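The values are calculated or read from the model by the stated rules, or taken from the named source; none is laboratory data. Please read all numbers here as calculations on a predicted model, not as lab measurements. Counting neighbours? That spans all protein chains shown, and the Cβs are built from the backbone with ideal geometry, glycine included. Note: accessible area is taken over every heavy atom of the protein model, side chains too, but ligands, DNA and RNA are not part of it. Shrake-Rupley method; radii C 1.70, N 1.55, O 1.52, S 1.80 Å.
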Amino acid sequence: MLTTSHITIVKSTIPLLESAGSKITEHFYQRMFSHNPELKHIFNMSHQSSGRQSVALFNAVAAYAQHIDNLPVLQAAVERIAQKHTSFNIQPDQYAIVGHHLIHTLKELAPDAFTTEVEEAWVAAYQQLANIFIQREAEIYQKNMASTGGWEGARRFRLLEKKQESEQVQSLVFAPIDQQPVASYRPGQYLGIRVQPSRSEYQEIRQYSLSDAPNGKTYRISVKREQGDIDGLVSNYLHDELQVNDEVELFTPAGDFFFEDRNKPVVLISAGVGLTPMMATLETLAKAHYTHGVTYLHACENQAQHSFDQRIKALSANLNLSAHTWYNHVSETDAPLSAGQRHTGLMQLAELGDALPVADADFYLCGPVGFMGFIKAQLLELGVADSRIHYEVFGPHSDL
Ligand SMILES: Cc1cc2nc3c(=O)[nH]c(=O)nc-3n(C[C@H](O)[C@H](O)[C@H](O)COP(=O)(O)OP(=O)(O)OC[C@H]3O[C@@H](n4cnc5c(N)ncnc54)[C@H](O)[C@@H]3O)c2cc1C
Ligand code: HEM
């Protein structure tokens with residue numbers, strides 16, 4: 001039970017938390033993975049080996065400590081995190097493990113400040129936060145189970161079809177082994193996929209946005225091959241190793257970023273593989289013969305990396321669609337676009353003039369964080385209210 005004295009103590013230790021910075025994160029993950037190595041099958045171990053440990057968990061705990069006496073402020077963040085957790089199938093008993101290592105991390109890093117009194121306050125505070133997540137996640141799991149085609153935990157699917165959409169992007173369509181219906185989803189949502197790449201000692205879970213309209217039978221994702229000094233584990237596995245008829249495990253669709261029908265124009269803006277939630281939305285709107293104006297703005301490196309160009313043309317038949325694509329590099333050998341108008345260089349919304357429905361549309365953004373920040377600044381400059389701008393980050397959430 002969290003008391004007012006606990007609240008005062010927790011708030012007084014915020015500077016301690018902040019001053020320890022990345023040391024806390026490193027110590028916490030090292031501690032947790034050495035005592036509970038089974039969690040290596042849940043967390044992204046590429047992030048650990050590249051030194052990119054997720055600071056998101058600690059930032060969330062610090063934000064919680066700051067707002068512990070005004071929790072409604074955290075509602076949107078709680079919803080986003082709970083949705084993400086369910087795509088990993090996080091379970092209540094795992095909160096005790098995380099809490100244990102969190103408290104011991106604080107104790108080990110600041111033994112003098114972390115008195116018995118402080119420890120008691122933090123234990124009570126963590127329990128309250130954990131209960132908030134456990135409760136919301138239980139609701140999401142129950143709702144999934146109760147929906148047509150819904151399930152809980154991992155469900156086995158077979159790869160039905162693979163298609164190259166552009167130089168680095170492949171679409172994969174999965175059907176359940178049990179041949180029963182699959183749960184619907186809101187366009188923009190993602191699902192968790194669990195695989196065991198040959199290059200990995202662990203099972204790996206990643207999220208991929210669904211890139212097609214829901215059909216009750218199959219799921220389609222579209223995956224970019226991630227290359228670097230060490231190539232991305234799951235994306236390269238899905239591209240190169242997973243063959244038609246091979247099995248994967250999927251968790252039910254989740255996510256707080258999705259198209260909401262507000263009976264008005266909509267503008268979808270993406271860059272690179274950030275086009276996947278936009279494709280799901282465009283497909284859904286075309287199926288529904290959405291009558292309001294739909295504007296689709298996409299940016300990519302060049303024509304070789306432009307996915308779904310022809311599909312956009314086909315969708316135009318059922319939509320009041322205005323499409324614009326920006327290529328960072330244009331070549332003389334580029335074929336004309338199948339649909340819409342082509343621009344060169346970075347996406348500058350001013351090039352659209354009055355064609356952009358800034359007065360009333362809802363705006364949905366997905367792409368690299370830098371790109372979305374650049375576009376959001378332009379939208380705000382054009383007078384679009386923050387509340388009409390929605391976005392998805394393909395990684396831990398970040399404010400734009
Ligand atoms: C909500 C959401 C939706 C998403 N939707 C999509 C989608 O629709 N399509 C899509 O393609 N992706 C999507 N993603 C991203 C996807 O989940 C994966 O993050 C992505 O495919 C990379 O995973 P990976 O296993 O290939 O790379 P990881 O193995 O996780 O590596 C991540 C990056 O780090 C680099 N790296 C790995 N190890 C090291 C090391 N030791 N040192 C240095 N660098 C290293 C890799 O090259 C790679 O670029 C989405 C993510 C989220 C959160
Ligand atoms: C109160 C406790 C917890 C808090 C405050 C918390 C917070 C967070 C936050 C903020 C994120 C990033 C979400 C996003 O923006 O995408 C996240 C992701 C995640 N959480 Fe938690 N979490 C908690 C408990 C747990 C538990 C118990 C587990 C399971 C052992 C867990 C596993 C994960 C995983 C695997 C991710 C994804 C990490 C990644 O993509 O790199 N979390 N959590």
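For segment 300-321, which positions are open to solvent by 20 Å² or more (accessible area, probe 1.4 Å) and either assigned to a helix (DSSP H, G or I) or outside the structural domain of G353 (by TED's automatic domain parsing) (or both)?
Scanning segment 300-321 gives Q303, A304, Q305, D309, Q310, R311, K313, A314, S316.
Could you run through segment 327-347 and say how many residues are buried (at least 19 other Cβ atoms within 10 Å of the Cβ) and modelled with pLDDT of 95 or more?
Matching residues across segment 327-347 total 2.
Right, V369: among the β-branched types (V, I, T) and open to solvent by 50 Å² or more (accessible area, probe 1.4 Å) or not?
yes
Assuming L297 fulfils every condition listed in (1) open to solvent by less than 10 Å² (accessible area, probe 1.4 Å); (2) in contact with a Lys or Arg (Cβ under 8 Å, 6 or more places away or on another chain) apart from one, which condition is it?
Going through the list (1) open to solvent by less than 10 Å² (accessible area, probe 1.4 Å); (2) in contact with a Lys or Arg (Cβ under 8 Å, 6 or more places away or on another chain), L297 breaks only (2).
If you scan segment 242-272, which residues turn out to be of a type outside the set (S, T, Y), within 12 Å of ligand 1 (Cβ to nearest atom) and either without any contact (Cβ under 8 Å) to a residue 24 or more places away in the chain or not in a loop (DSSP other than H, G, I, E, B) (or both)?
Within segment 242-272, A254, G272 meet the criteria.
Residues of segment 339-371 being touching a residue at least 60 places away in the same chain (Cβ under 8 Å) and under 19 Å from the mean Cα position of the chain (by Cα), which ones?
Result: F363, Y364, L365, C366, G367, P368, F371.
Please verify whether F114 is within 23 Å of Q189 (Cβ to Cβ) and among the aromatic types (F, W, Y), treating the condition exactly as stated.
No; evaluated as a whole, the condition is false for this residue.
Which of the residues belonging to segment 128-153 are open to solvent by 50 Å² or more (accessible area, probe 1.4 Å), farther than 13 Å from Y95 by Cα and in a helix (DSSP H, G or I)?
Correct list: R136, E139, Q142, K143, M145, A146.
Evaluate the following for K163: is it open to solvent by 50 Å² or more (accessible area, probe 1.4 Å), without any contact (Cβ under 8 Å) to a residue 60 or more places away in the chain and over 30 Å from R186 (Cβ atoms)?
It is false that K163 is open to solvent by 50 Å² or more (accessible area, probe 1.4 Å), without any contact (Cβ under 8 Å) to a residue 60 or more places away in the chain and over 30 Å from R186 (Cβ atoms).
Looking at segment 53-85, which of its residues are in contact with a Ser or Thr (Cβ under 8 Å, 6 or more places away or on another chain) and among the small types (G, A, S)?
Across segment 53-85, the qualifying residues are S54, A65.
Looking at segment 348-366, which of its residues are open to solvent by 50 Å² or more (accessible area, probe 1.4 Å) and either part of a loop (DSSP other than H, G, I, E, B) or assigned by TED's automatic domain parsing to the domain that holds L57 (or both)?
Q348, A359, D360
Return the only residue of A82, A110 being open to solvent by less than 60 Å² (accessible area, probe 1.4 Å), under 24 Å from L17 (Cβ atoms) and within 16 Å of ligand 1 (Cβ to nearest atom). Talk me through it step by step, then tell me what you get.
Numbers: A110 fails: within 16 Å of ligand 1 (Cβ to nearest atom).
Just a single option satisfies the conditions, and that option is A82.
What's the total number of residues in segment 198-211 that are more than 16 Å from ligand 2 (Cβ to nearest atom) and either assigned to a strand (DSSP E or B) or surrounded by fewer than 19 Cβ atoms within 10 Å (Cβ to Cβ) (or both)?
Our first condition is that a residue be more than 16 Å from ligand 2 (Cβ to nearest atom); within segment 198-211, this holds for 198-199, 201, 210-211.
Still in the list and also either assigned to a strand (DSSP E or B) or surrounded by fewer than 19 Cβ atoms within 10 Å (Cβ to Cβ) (or both): 198-199, 201, 210.
Qualifying residue count for the region: 4.
For segment 380-400, which positions are farther than 28 Å from E226 by Cα, of a type in the set (A, V, I, L, M) and surrounded by 16 or more Cβ atoms within 10 Å (Cβ to Cβ)?
Selection gives V384 alone.
From H47, H41, grab the single residue that is open to solvent by 40 Å² or more (accessible area, probe 1.4 Å), over 25 Å from A113 (Cα atoms) and without any contact (Cβ under 8 Å) to a residue 60 or more places away in the chain.
H47
Check R194, R199, R186, R206 and return the single one that is at pLDDT below 95 and not small (G, A, S).
Details: R194 fails: at pLDDT below 95; R186 fails: at pLDDT below 95; R206 fails: at pLDDT below 95.
None of the other options fit; the residue is R199.
Could you please find all residues in segment 220-241 being within 16 Å of ligand 2 (Cβ to nearest atom) and either open to solvent by 50 Å² or more (accessible area, probe 1.4 Å) or part of a helix (DSSP H, G or I) (or both)?
Hits for segment 220-241 are E226, L233, V234, S235.
What is the one condition in (1) farther than 29 Å from F88 by Cβ; (2) part of a helix (DSSP H, G or I) that S338 does not satisfy?
Going through (1) farther than 29 Å from F88 by Cβ; (2) part of a helix (DSSP H, G or I) one by one, S338 breaks only (2).
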